[in-house]
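No value in this document is a laboratory result; all are computed from the given coordinates. Just so it is clear, the model here is predicted, and its values are computed rather than measured. Note: ideal-geometry Cβ built from the backbone for every residue, glycine included; neighbour counts use all protein chains shown.
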Amino acid sequence: MERDEKSPELTLQSEPLANALHNVIDISKKGNIFDRYGVDHYAELLIASVDPEFRERGLATEMYRRTLTLLRSRGYPVAESCFTSPITRKVAAKFGFEELVRRYFKDFEDVNGAKFIDNAGEDQFAALMAISLV
């Protein structure tokens, strides 16, 4: 993401996905990565998922290790992502990602400002996390 770059306008067929993405974009804006880290560009990581058949083998850890190595080699100063799973938050923390913004699922709002996740527990949240790569 470049400092002057705007988030792309997306038209999604899935209303739940559009509402979730609306929150992720808002959380990312609140992280204020450019000013917080004093950078003019950074890498945004999106969606890490491992098929259930292959979980608990360290694959997510390896994906992040390789991704961070690649980003460092390409000169990215910072990487950020919005983590919604306790498993990926744990992996990210292991690599040194720090939590910048937290929004509980029960506080997610749709594009019209109405809450749309009624049954989420206190341990269910999205966390914007970032890591300095320099």
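Below is a table of values for the structure above.
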quantity: Formal net charge of residues neighbouring Ser73 (Cβ-Cβ distance under 14 Å; K, R +1; D, E -1); calculated: +4
quantity: Environment charge at Tyr42 (Cβ cut-off 11 Å; Lys +1, Arg +1, Asp -1, Glu -1); calculated: -3
quantity: Sites Arg57 and Asn112 - FRET efficiency at Förster radius 41 Å, r taken between beta-carbons, to 0.05; calculated: 0.45
quantity: Choice from Ala93, Ala114, Ala20 with maximal GNM fluctuation in the chain (Cα, 10 Å cutoff); calculated: Ala114
quantity: Of the DSSP H helices in the chain, those whose Cα atoms cover at least 15 Å axially and whose Kyte score averages -1.0 or more; calculated: 15-31, 59-73
quantity: Ascending count of other beta-carbon atoms within 10 Å, so fewest first, for Leu71, Leu46; calculated: Leu46, Leu71
quantity: Extended-chain gain in nm, criterion 0.36 nm per residue less alpha-carbon gap, Arg72 and Asp35; calculated: 11.3 nm
